[in-house]
Amino acid sequence: MNILLTGAAGQLGSELLPLLSRRGRVIATDRSTPPGAGDSWLEQDIVEPGILEAMLDHLRPDLIVNTAAYTAVDQAESEPQTAFEVNATLPGRLAGWARRNDARVLHYSTDYVFDGIAQTPYRETDPVSPRSVYGESKLAGEAALASAGCGHIILRTSWVYSSHGKNFVLSMLELAKRGIELNIVDDQEGCPTWARNLAGVSDKVIAAWCEPGSQIRDGLYHYCDDEALSWYDFARAIFSLAEAEGLLEATPPMTPVPSAGFQQAAVRPNFSVLDTHRIQAAFGLKPRPFRQALQQVIAEIAKTGKPREPSVKNPV
């Protein structure tokens, strides 16, 4: 199987790359080439006109795994065109090529497609109503993929973090080292998800979905790790483990604050916990333990004394 992995240098892409290399011949692409990348790495800005289709025609992938995304939630409010180009137009172009060439697409979306007024975890069938440009662009990407007519699976996930890249865990650790009091939102609830757990789930989804004679249905599935908590409680868990690992001398002073008093350009859903029963029923995949995942991420950071670089090997 020929596999194209987009956004391969990101949090999720770098975790997926070694797993996908066991499934077939992988071509990895991103706008920059990380250290250790092999001959099968293509440094391309696939959003640029003409580049994507020419690359696809040359590579002829059987499966496209699209982790490329514009994820700057606040910045998207002032850059809607860029957000939609990456999060909506690009998936549509991938899906169009896949339909014409009998390929499949695995794509990722977000809990921010919901408005956050629910009181129970969101199911795949629940109404969507994003409150931000980012959420709108990701929802448009879902629609573009679903309407293209290609074989596809969309995995919605939430609050992704890892020991590298840009994420809440690394931001909190950096702020904690400054020794200042931190004001952290405590009225938004979601499920933090380790990129490596999401990659492992994705690999199992691909194995079952692409198996000859598979009865797995195309469509939309939710996956997140197993614990729902606020940003404030997430930060407390980070600092507790970081202190135990010796990354911090002490937990910094923290004050829980409502989101209304925290100035951000984009509105986030107050509640965006995802129901994962559909993916459990279809693939037998249960959410992975949040506390265990976070502990491993903190241990990785402590081992190096800094955020680790993505592990990129020649995927062929």
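The values are calculated or read from the model by the stated rules, or taken from the named source; none is laboratory data. Note that the structure is a prediction, hence the values are computed from the model and not measured. Cβ atoms come from the backbone with ideal geometry, glycine included; neighbour counts cover every protein chain shown. Ligands, DNA and RNA are stripped out before the accessible areas are found, and what is left, the full protein with its side chains, is counted by its heavy atoms. Shrake-Rupley method; radii C 1.70, N 1.55, O 1.52, S 1.80 Å.
Computed quantities for the displayed model
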| item | result |
| --- | --- |
| Calculated diffusion of the range 96-209, Stokes-Einstein form, Kirkwood radius summed over Cα pairs, 4 °C and 1.567 mPa s, µm²/s | 78 |
| Histogram of C-alpha separations across the range 14-55, 10 Å bin width, % | 26, 50, 24, 0 |
| Per DSSP, loop trypsin sites (Lys or Arg not before Pro) in the range 1-91 with at most 11 further Cβ within 10 Å | Arg22 |
| The range 1-123: equivalent-ellipsoid semi-axes (sqrt of 5 x gyration tensor eigenvalues, Cα, Å) | 25, 17, 16 |
| Segment Glu249-Arg25, length gained on full extension (0.36 nm per residue, minus Cα span) | 76.1 nm |
| Residue-normalised accessible area of the range 9-162, given per residue in Å² at a 1.4 Å probe | 42 |
| Portion, in percent, of the accessible area of the range 79-172 that falls on carbon or sulfur, probe 1.4 Å | 50 |
| Eligible aspartates and glutamates near Lys204 by straight Cα distance, threshold 18 Å, same-chain separation 8 or greater | Glu15, Asp62, Asp218, Asp225, Asp226 |
| Values of log10 I(q)/I(0), in the order q = 0.13, 0.20, 0.26 Å⁻¹, for the range 151-226 under a Debye, Cα-only, solvent-free model | -0.55, -0.94, -1.24 |
| Stokes-Einstein D for the range 243-296, Kirkwood Rh over Cα pairs, 10 °C, 1.306 mPa s (µm²/s) | 102 |
| The range 131-223: GluC sites (Glu not before Pro) in DSSP coil with no more than 13 other Cβ atoms inside 10 Å | Glu181 |
| Sites Ser147 and Gln296, calculated FRET efficiency, Cβ-Cβ separation with R0 35 Å, nearest 0.05 | 0.35 |
| Estimated 222 nm signal from helices in the chain, with DSSP H stretches of n ≥ 4 weighted -39500 (n - 2.57), rounded to 500 | -10500 deg cm²/dmol |
| Semi-axes of the equivalent ellipsoid for the range 68-111, Cα gyration tensor, largest first, Å | 24, 11, 5 |
| Peptides ranked, highest mean first, by Cβ atoms within 10 Å: ranges 7-16, 225-234 | 7-16, 225-234 |
| Cβ-derived FRET efficiency at R0 41 Å, Gln264 paired with Asp39, nearest 0.05 | 0.45 |
| Using a Förster distance of 41 Å, the FRET efficiency for Lys177-Lys286 (Cβ separation, nearest 0.05) | 0.70 |
| The range 98-182: trypsin sites (Lys or Arg not before Pro) in DSSP coil with no more than 14 other Cβ atoms inside 10 Å | Arg123, Lys166, Lys177, Arg178 |
| In Å, descending, principal axis extents of the Cα set of the range 112-161 | 34, 26, 22 |
